[in-house]
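This report concerns only the one structure given below.
The values are calculated or read from the model by the stated rules, or taken from the named source; none is laboratory data. These numbers were taken from a predicted model, which means no experiment stands behind them. So basically every Cβ, Gly included, is an ideal-geometry build from the backbone, and we count neighbours across all protein chains shown. Heavy atoms of the whole protein, side chains included, go into the accessibility calculation; ligands, DNA and RNA do not. Shrake-Rupley method; radii C 1.70, N 1.55, O 1.52, S 1.80 Å.
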Amino acid sequence: MTALRRSALALGTAVCALTMASASAAGAFAPTAPQASEHTVTQQHAAADEAGTPARGVVSAQSTLHRQWGPSWVAGDYLTRHGKKWVSQPYRSKGTTAYAYLQCYNTNARMRVRLYNVETGSCIADSGKVTCNPYKAFHTRTRAFQRLDHLRIVVNGDQGSKVWASYKR
């Protein structure tokens, strides 16, 4: 068994090395595109004014959204059997901003997604009734919670939907 693992590892290493060698050889013969001067940040563009705000042309690092859980499919027949309501299990947001996303597939439906803080028992974010767009998810977001509070997502409506939670640090 050990010999089989070693031979598989050696074969995988050889294939990886061969692929990288062929890619670097192909890259050596490929023509390179000229670099556009508008994408380079020079010292002149990177200077800040007296107030300390960055000048135009400076790209600042933004934190990205991270998916915490999901997507979870909530069936339409489940929603109609349970009073047009689906409630997630409590979870702890890992960031300072919590997002609840909902994507439904019927253009005539009106759905709502809410974020609840379990510790305080209050609704901390509400999307309101939104007409569904099958090509785009809608969301609600909030910063009105402590970092490790338990949150819960509640979906109201009667159409099958995908639900997921995200956060931003």
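The residues of region 91-116 that are closer than 12 Å to Ala165 by Cα and open to solvent by 60 Å² or more (accessible area, probe 1.4 Å), listed by number, are Arg92, Lys94.
Condition first: more than 19 Å from Arg81 (Cβ to Cβ), of a type in the set (S, T, N, Q) and touching a residue at least 40 places away in the same chain (Cβ under 8 Å). Now tell me which residues in region 135-169 satisfy that. The answer is Thr140, Thr142, Ser166. Inspect all residues belonging to region 117-129 and state whether any of them is closer than 17 Å to Pro71 by Cα and open to solvent by less than 60 Å² (accessible area, probe 1.4 Å). Looking for residues that are closer than 17 Å to Pro71 by Cα and open to solvent by less than 60 Å² (accessible area, probe 1.4 Å), one finds none in region 117-129, hence no. If you go through region 59-83 and keep only what is at positive phi and modelled with pLDDT under 95, you end up with just Gly70.
Flag not set for Arg169, criterion: in contact with a Leu (Cβ under 8 Å, 6 or more places away or on another chain) and open to solvent by 60 Å² or more (accessible area, probe 1.4 Å). Within region 126-161, if we keep just the residues that are within 21 Å of Arg110 (Cβ to Cβ) and among the acidic types (Asp, Glu), the residue that is farthest from the chain's Cα centre (by Cα) turns out to be Asp158. Here is a check on your reading of the model: is Ser88 under 18 Å from Ala165 (Cβ atoms), of a type in the set (Gly, Ala, Ser) and surrounded by fewer than 16 Cβ atoms within 10 Å (Cβ to Cβ)? Taking the combined requirement at face value, the residue does not satisfy it.
In this entry, Leu148 is excluded by the filter for residues that are open to solvent by less than 80 Å² (accessible area, probe 1.4 Å) and either out of contact with any Lys or Arg (no Cβ under 8 Å at 6 or more places or on another chain) or hydrophobic (A, V, I, L, M, F, W, C) (or both).
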